[in-house]
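Engineer: My questions all concern the structure below.
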């Protein structure tokens, strides 16, 4: 809402008269364009410019992101995915350069992400995981130290300025991994500083003891603070990510939401199409040519695949990395089969001084000549077959991309281009029926009830009645007050 209001204010300040409703309607499509740009920049840092261009094209039309970025989708995710991708781009940039400037930019983008969506917890756990894995792989460097230390300190302070977040970054279990990695990184850096001042045996002993002691102190401190109540335990939403049956037993209201159900294979294909098959190849290319930033994208892919499989709503966080890694796969194939042919080296010229040796060699030289002739004929046959193979592979890749574009167009037009309150059905003869009952019912409430009336509704209807009928409801789609929702539901059943 702040973003839409700010855009409306700036446009009117420039004497561009735009209604606030139009800004809200087109906010998600505008930010989807910014998401494509940030995905291009991130993939370019991870691989190359060609892969970045393909990734931007993929995320621009993929159904997994179109579902939250169509016109009229005024929701948190519309701008949150841009903030997510841009934060990751700035993080990768700061790790590659070791610049405080890029790290502060990453903090500012993270601050915007915190203010936009509760999914910022994914960032504040993935980035520390990246740093921890780099330490385990012995890839510690001053660049990593500067990037993470700046990100954690400034990002922590900025995130606590959001009233909704407050002191959660230092009082909840979801943020303790970031704090633990920060402490571990400081100990690791101090031990690296002592490396040149100690003998090898002394350093190895001190390094093992120091890292083990720091990890143990952090772990025991978190357990003690959680036990004493200073740090809040994991919430039910996060327990449901690790145990798919937890919500059904302890928090049925979460399990009742369709977006919180486990993802089916049909949903993966419906939202990602051919990218489901190609993104593991891109992940293999990144692991084969590993570096600091590709460690990050590998962790991003593995964690996002798991969480998307647990909860269908989190398909939204998987879609960007699938587009990136699929672009890496397609780019690598195109580079291999469309690149310039390597110049074949001609056989070295024969030296005249070897004539006597050839005469003495006699039959041996004749045999070598026959072998060389056979090899040259084989090379000629390969030269004739090479362009054919390249053409076949290229055509197959282009056909896959064409099928992907057709699928994305079909899904967008049939599944994501209709308002949620207007339902469509098809008869046996192919004719289309439009069911407008919901909108007509809300219009009836608006015209035939008192303007101060209270409506006892359930779940999604609460938002729709408040927005379209302009009536106050007892329960809307907000799930923070579970007891209130349970009482209203019990009254409805009675």
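Engineer: Looking only at region 171-186, filter to residues that are modelled with pLDDT under 85 and more than 23 Å from the chain's Cα centre (by Cα); which one of those is surrounded by the most Cβ atoms within 10 Å (Cβ to Cβ)?
Structural biologist: Per the criteria, the residue is 172.
Engineer: Counting only residues that are more than 27 Å from residue 229 (Cα to Cα) and either assigned to a helix (DSSP H, G or I) or without any contact (Cβ under 8 Å) to a residue 12 or more places away in the chain (or both), how many does region 133-160 have? Can you show your working first?
Structural biologist: To start, the set of residues in region 133-160 that are more than 27 Å from residue 229 (Cα to Cα) comprises 133-151.
Going one step further and asking which of them are either assigned to a helix (DSSP H, G or I) or without any contact (Cβ under 8 Å) to a residue 12 or more places away in the chain (or both), we end up with 133-136, 138, 142-151.
Number satisfying all stated conditions: 15.
Engineer: Could you tell me which residue of region 440-467 is farthest from the chain's Cα centre (by Cα), considering only residues that are modelled with pLDDT of 85 or more and surrounded by 15 or more Cβ atoms within 10 Å (Cβ to Cβ)?
Structural biologist: Filtering first and then ranking leaves 445.
Engineer: Which of the residues that make up region 91-106 are surrounded by fewer than 23 Cβ atoms within 10 Å (Cβ to Cβ) and in a helix (DSSP H, G or I)? So that I can check it myself, show each step before the final result.
Structural biologist: Taking region 91-106 as the starting set, the residues that turn out to be surrounded by fewer than 23 Cβ atoms within 10 Å (Cβ to Cβ) are 93, 96-102, 104-105.
Those that are surrounded by fewer than 23 Cβ atoms within 10 Å (Cβ to Cβ) and in a helix (DSSP H, G or I): 93, 96, 97, 100, 101, 102, 104, 105.
Engineer: Need pairs with beta-carbon distance below 8 Å; first residue free of Cβ contacts under 8 Å to residues at least 40 places away in the same chain and within region 408-423, second surrounded by 12 or more Cβ atoms within 10 Å (Cβ to Cβ) and in a helix (DSSP H, G or I); sequence gap 6+ or separate chains.
Structural biologist: 422/438; 422/439; 423/438
Engineer: What are the pairs, 6+ residues apart or on separate chains, where a residue within region 89-111 that is at positive phi has its Cβ under 6 Å from a residue that is in a helix (DSSP H, G or I)?
Structural biologist: These pairs meet every condition: 98/142; 98/143; 98/146.
Engineer: Please indicate, with yes or no, whether at least one residue in region 396-413 is more than 37 Å from the chain's Cα centre (by Cα), surrounded by 12 or more Cβ atoms within 10 Å (Cβ to Cβ) and either in a helix (DSSP H, G or I) or modelled with pLDDT of 80 or more (or both). Let's see the steps before the verdict.
Structural biologist: Initial filter on region 396-413 (more than 37 Å from the chain's Cα centre (by Cα)): none.
No, because not a single residue in region 396-413 is more than 37 Å from the chain's Cα centre (by Cα), surrounded by 12 or more Cβ atoms within 10 Å (Cβ to Cβ) and either in a helix (DSSP H, G or I) or modelled with pLDDT of 80 or more (or both).
Engineer: Can you tell me which of (1) within 23 Å of residue 101 (Cβ to Cβ); (2) crowded, with 19+ Cβ neighbours inside 10 Å is the one residue 160 doesn't meet?
Structural biologist: Only one criterion in (1) within 23 Å of residue 101 (Cβ to Cβ); (2) crowded, with 19+ Cβ neighbours inside 10 Å is unmet by residue 160, namely (2).
Engineer: Is it the case that residue 77 is under 16 Å from the mean Cα position of the chain (by Cα), in contact (Cβ under 8 Å) with a residue 60 or more places away in the chain, under 23 Å from residue 420 (Cα atoms) and not in a loop (DSSP other than H, G, I, E, B)? Steps first, please.
Structural biologist: On the way: under 16 Å from the mean Cα position of the chain (by Cα): yes; in contact (Cβ under 8 Å) with a residue 60 or more places away in the chain: yes; under 23 Å from residue 420 (Cα atoms): yes; not in a loop (DSSP other than H, G, I, E, B): yes.
So residue 77 fits the description; yes.
Engineer: Let me ask something else about it. Output the number of residues of region 414-437 satisfying the condition of being closer than 22 Å to residue 475 by Cβ and over 35 Å from the mean Cα position of the chain (by Cα).
Structural biologist: Total meeting the criteria: 1.
Engineer: In the set 474, 423, 487, which member is modelled with pLDDT under 85, in contact with a strand residue (DSSP E or B) (Cβ under 6 Å, 6 or more places away or on another chain), more than 30 Å from residue 328 (Cβ to Cβ) and surrounded by 10 or more Cβ atoms within 10 Å (Cβ to Cβ)? Before you say what the answer is, go through the steps one by one.
Structural biologist: Numbers: 474 fails: in contact with a strand residue (DSSP E or B) (Cβ under 6 Å, 6 or more places away or on another chain); 487 fails: in contact with a strand residue (DSSP E or B) (Cβ under 6 Å, 6 or more places away or on another chain).
Criteria check complete, one pass: 423.
Residues are listed down the side, and each one gets a yes or a no for (1) touching a helix residue (DSSP H, G or I) at 6+ places or on another chain (Cβ under 8 Å); (2) part of a helix (DSSP H, G or I); (3) closer than 29 Å to residue 2 by Cα; (4) in contact (Cβ under 8 Å) with a residue 12 or more places away in the chain:
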position: 162; (1), (2), (3), (4): yes, no, yes, yes
position: 165; (1), (2), (3), (4): yes, no, yes, yes
position: 170; (1), (2), (3), (4): yes, yes, yes, yes
position: 177; (1), (2), (3), (4): yes, yes, no, yes
position: 183; (1), (2), (3), (4): yes, yes, no, yes
position: 188; (1), (2), (3), (4): yes, yes, no, yes
position: 191; (1), (2), (3), (4): yes, yes, no, yes
position: 196; (1), (2), (3), (4): no, yes, no, no
position: 201; (1), (2), (3), (4): no, yes, no, no
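Engineer: Mind listing whichever residues of region 107-120 are surrounded by fewer than 19 Cβ atoms within 10 Å (Cβ to Cβ) and at pLDDT below 90?
Structural biologist: Listed by number, the list holds a single entry, 118.
The values are calculated or read from the model by the stated rules, or taken from the named source; none is laboratory data. Because the structure is predicted, anything quoted here is derived from the model rather than measured. Using ideal geometry, Cβ is built from the backbone for each residue, glycine included, and neighbour counts are taken over all protein chains shown.
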